[in-house]
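Report on the following structure.
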Amino acid sequence: MKLRELAHSRTGDKGNTLNISVICYDAKHYEHLQAVLTPERVKAHLGDVVRGDVVRYELPGIAAFNFVLGQALGGGVTRSLALDAHGKSLSSALMGLDVEEPAS
């Protein structure tokens with residue numbers, strides 16, 4: 001199943017760093033995504049673009065995660081020649097990640 005079936009996302013940027021928040025539609029899926037949506041998996045999925053570290057911050061109170069992706073914007077919004085210098089399309093790309101279905 002695709003991650004977008006369990007969660008939605010928002011993005012933000014600062015310099016050459018991109019934040020992607022992943023917010024569960026239903027809090028009951030938080031623990032499942034906590035187990036399967038690791039920084040390593042996010043880095044592997046977005047590895048063609050993300051050159052730096054990926055750090056995951058957990059927000060269990062709102063059933064969400066914030067991933068901070070270093071060196072992800074081609075030098076930064078004002079320096080990048082990328083079509084999407086803000087990295088908004090990367091959140092859509094992350095939502096296309098195949099994840100295991102949660103147990104019933």
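Throughout, read-outs are computed from the coordinates displayed, never taken from laboratory work. This structure is a prediction, so every number in the text was calculated from the model and none was measured. Methodologically, a virtual Cβ is constructed for each residue, glycine included, from the backbone with ideal geometry; neighbour enumeration extends over all protein chains shown.
Key figures for this structure:
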{"item": "Over the chain: helical MRE at 222 nm, DSSP H runs n ≥ 4 each giving -39500 (n - 2.57), nearest 500", "result": "-5500 deg cm²/dmol"}
{"item": "Correct option for Rg and Dmax of the Cα atoms in Å [calculated from the coordinates] among [x] 13.4, 47; [y] 12.2, 33; [z] 24.7, 84", "result": "[x]"}
{"item": "FRET efficiency for H32 and S92, using Cβ-Cβ distance with R0 set to 30 Å, rounded to 0.05", "result": "0.90"}
{"item": "Lysine pair number, Cα distance threshold 23 Å (strictly under), the chain, separation 8 or more or different chains", "result": "6"}
{"item": "Per-residue HN-Hα couplings for the range 24-29 [Karplus 6.51, -1.76, 1.60; θ = phi - 60°; Hz; x = Gly/Pro]", "result": "5, 5, 10, 4, 5, 8"}
